[in-house]
1. With the requirement that a residue be without any contact (Cβ under 8 Å) to a residue 60 or more places away in the chain and in a helix (DSSP H, G or I), what does the range 222-240 give you?
2. Look through 86, 112 and report the one residue that is assigned by TED's automatic domain parsing to the domain that holds residue 165 and modelled with pLDDT of 90 or more.
3. Working carefully through the options 201, 178, 197, find the one that is crowded, with 21+ Cβ neighbours inside 10 Å, touching a strand residue (DSSP E or B) at 6+ places or on another chain (Cβ under 7 Å) and part of a helix (DSSP H, G or I).
4. Taking the range 128-144, which residues are part of a helix (DSSP H, G or I) and in contact with a helix residue (DSSP H, G or I) (Cβ under 9 Å, 6 or more places away or on another chain)?
5. Tell me which residues, restricted to the range 159-175, are in contact with a strand residue (DSSP E or B) (Cβ under 7 Å, 6 or more places away or on another chain) and part of a strand (DSSP E or B).
6. When you go through 46, 34 one by one, which is the residue that is modelled with pLDDT of 95 or more and closer than 12 Å to residue 128 by Cα?
């Protein structure tokens, strides 16, 4: 490194107090961690996610088993994409069309839109590297660029594979194989269209919704997803 550049960097850090250096260091870790680990997880299965660790601290266990997307029943990919991100193959991490629809939708009690706009890429970024719950506005500042980066590095096949292996399907139950065993006592490779639709129906709230013992509301959502699954194949060419 040239001496003048080194001197400037030293001066930059020297003028800052200890707490400012800590803040900058933490911010640097937040930025660099998903950049580096996205490259790693393009080849290796993620052992845990931030969501798993936060749930573990809250008292839930971690039950998961990695399964490649090619081993899973294709019904599950159809159901989840139909439900969560119908334009999955057509965007680069963020679906701005869905964002516009969400912000233009009717607001309930003047507080929040009735629809969400998170893509599978954004949900993977949140579950893998960020946090759930409060502070969603601040989280989006990190979530959107992380989703773009992951979508740039990974194929769509890899993105969906990782999402389906880390997403929570019941308290402490992560990934398609663990969810299928937990809810239906069978492998994710054997999921029927109805079972896949029920799993997709609980994704917005896997803590309160149960795919194995669905409420009337979950059954209604699953019926809608099952109907959309019939037309989704033409939009899923990116994962084959």
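The values are calculated or read from the model by the stated rules, or taken from the named source; none is laboratory data. Given the structure is predicted, the values throughout are model-derived calculations rather than measurements. Please note: Cβ atoms are built from the backbone with ideal geometry, for glycine as well, and neighbour counts cover all protein chains shown.
1. Residues satisfying the conditions are 222, 223, 224, 227, 234.
2. 86
3. One residue alone meets the criteria, 178.
4. 128, 129, 136, 139, 140, 142, 143, 144
5. Scanning the range 159-175 gives 168, 173, 174.
6. Residue meeting the stated conditions: 46.
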